[in-house]
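First comes the structure, then the notes that go with it.
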Amino acid sequence: MTPLPTSHLTPVPTPAPAPLLSVDDLVVQYRRPGAEPTRAVAGVSLEVRAGEVVGLVGESGCGKSTLARAVCGLTAPKEGTIAFEGAPVGPLGVRRRDPGLTRVQMVFQDPYGSLNPRRRIGAQIADGIRAAAARGDAADGATPGDLLTRVGLSADDAARYPQEFSGGQRQRIAIARALAARPRLLVGDEPISALDASAQSQVATLMRLLAVESGAGLLFISHDLSVVRLIADRIAVMYLGRIVETGPTAEVWANPRHPYTRALLAAIPQPDGAGLLPAELPGDVPDPAAPPSGCRFHPRCPVAFDGCDREDPQLVAGGVACRLYAA
Ligand SMILES: Nc1ncnc2c1ncn2[C@@H]1O[C@H](COP(=O)(O)OP(=O)(O)OP(=O)(O)O)[C@@H](O)[C@H]1O
Ligand SMILES: [Mg+2]
């Protein structure tokens, strides 16, 4: 049979696939008795697409871990939404974690605290394989030994205990355990900061490789901007509970726009080891329980001008939240 002519058909535009992770206006608040609530995440919107590595950077205390924990369903948002592959996710507490949330796996900072010292590493990796099976994902037949090989260890290591490994090796084991659950999104919260310099870029590059190879997204939190530059496709700069700038890594590096981003980039560790945090910025990150009025960055901003203490700039389409760039 001759195929019907198709020229009369109007092409139907293919909708862009929903981002893997879509965070919209998220607020996460901590309450302490007798104190003002702390809005550690104060209205964050962020997307991570499949196969994309997003680097989240910012000084200590700006809310990176809080955002990561909310994304993983470990901390309840006060406002805003978190959607995963288009469907909203809600926190259910650690014990009653939605099995679907095993699609998001986290690798934590402390390679000594994140593995159970009393169980063989093979058994801990097998937990992840079972988690993927429990949510009905087709098994890919990978064994704990296969996963250990993928992270650069040996299949025989499955029978050993965590304390028999170095910090860098433990992070590789933690990555193998996370990958075992066949995550769609991998979240690394400072996964390299406890490692020595040579292990840092190796582990970061490995996370990128394995995430991208499996079509997953990676949200990578680090204060090491040189590593973020190495592995991230896109960067999100966080300051006091907000994203102040976001964009493709190369573009942000070539043309940082927010004064805070500029200060951060200027503070990349020098070859002589000097400088990690924005040295030229006065003061510390303010207390998020009492954020400054207007732009949260204005008291430390070298280029603040009239009105910055009153007007709170929002992140605009161009990817920067600063009145210097207001339309
Ligand atoms: N469980 C908690 N209870 C009360 N306040 C908290 C809690 N966890 C974090 N905070 C506060 O929330 C703010 C953000 O903390 P968070 O750990 O998210 O920052 P961070 O960017 O991950 O910092 P770091 O780079 O040091 O890891 C900080 O002011 C912190 O003191
Ligand atoms: Mg943290």
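A few points about this structure:
- Scanning the range 183-215 for residues that are in contact (Cβ under 8 Å) with a residue 12 or more places away in the chain and either over 21 Å from Arg170 (Cβ atoms) or assigned to a strand (DSSP E or B) (or both) returns Arg184, Leu185, Leu186, Val187, Gly188, Asp189, Val212, Ser214, Gly215.
- Pair list, Cβ under 8 Å, 6 or more apart: the range 108-122 residue over 16 Å from Ala158 (Cβ atoms), other residue of a type in the set (Lys, Arg) and not in a loop (DSSP other than H, G, I, E, B): Pro111/Arg170; Tyr112/Arg170; Ser114/Arg170
- The range 275-290 residues that are closer than 19 Å to Leu265 by Cβ and open to solvent by less than 40 Å² (accessible area, probe 1.4 Å), paired with ones that are of a type in the set (D, E, K, R) and modelled with pLDDT of 75 or more (beta carbon under 6 Å, 6 or more apart): Leu281/Arg300; Val285/Glu59
- Number of the exception - Leu9 against (1) out of contact with any helix residue (DSSP H, G or I) (no Cβ under 8 Å at 6 or more places or on another chain); (2) within 16 Å of ligand 1 (Cβ to nearest atom); (3) at pLDDT below 65: (2)
- Restricted to the range 199-228, and to residues there that are open to solvent by less than 50 Å² (accessible area, probe 1.4 Å) and among the hydroxyl-bearing types (Ser, Thr, Tyr), the residue that is nearest to Leu265 (Cα to Cα) is Ser222.
Each row is one residue, and each column tells you yes or no for (1) modelled with pLDDT under 95; (2) of a type in the set (Phe, Trp, Tyr); (3) buried (at least 18 other Cβ atoms within 10 Å of the Cβ).
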| site | (1), (2), (3) |
| --- | --- |
| Met106 | yes, no, yes |
| Arg120 | no, no, no |
| Ala123 | no, no, no |
| Arg130 | yes, no, no |
| Leu147 | yes, no, yes |
| Gly152 | yes, no, no |
| Ala180 | yes, no, yes |
| Pro183 | yes, no, yes |
| Ile192 | yes, no, yes |
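- Selection of the range 51-83 for residues being open to solvent by less than 30 Å² (accessible area, probe 1.4 Å), more than 11 Å from ligand 2 (Cβ to nearest atom) and among the polar types (S, T, N, Q) yields only Thr75.
- Residues in the range 240-250 that are surrounded by fewer than 24 Cβ atoms within 10 Å (Cβ to Cβ) and either touching a Phe, Trp or Tyr at 6+ places or on another chain (Cβ under 7 Å) or part of a helix (DSSP H, G or I) (or both): Thr249, Ala250.
- If only residues of the range 163-182 that are assigned to a helix (DSSP H, G or I) and over 25 Å from the mean Cα position of the chain (by Cα) are counted, the one that is farthest from Ile221 (Cα to Cα) is Glu164.
- Any chance Glu36 is at pLDDT below 90, assigned to a loop (DSSP other than H, G, I, E, B), within 14 Å of ligand 1 (Cβ to nearest atom) and closer than 22 Å to Pro313 by Cβ: no
The values are calculated or read from the model by the stated rules, or taken from the named source; none is laboratory data. The structure presented is a predicted model; accordingly, all values stated were derived computationally and were not measured. Glycine gets a Cβ as well: all are built from the backbone with ideal geometry, and neighbour counts include every protein chain shown. Please note that ligands, DNA and RNA were not included when accessible areas were found on the heavy atoms of the full protein model with its side chains. Shrake-Rupley method; radii C 1.70, N 1.55, O 1.52, S 1.80 Å.
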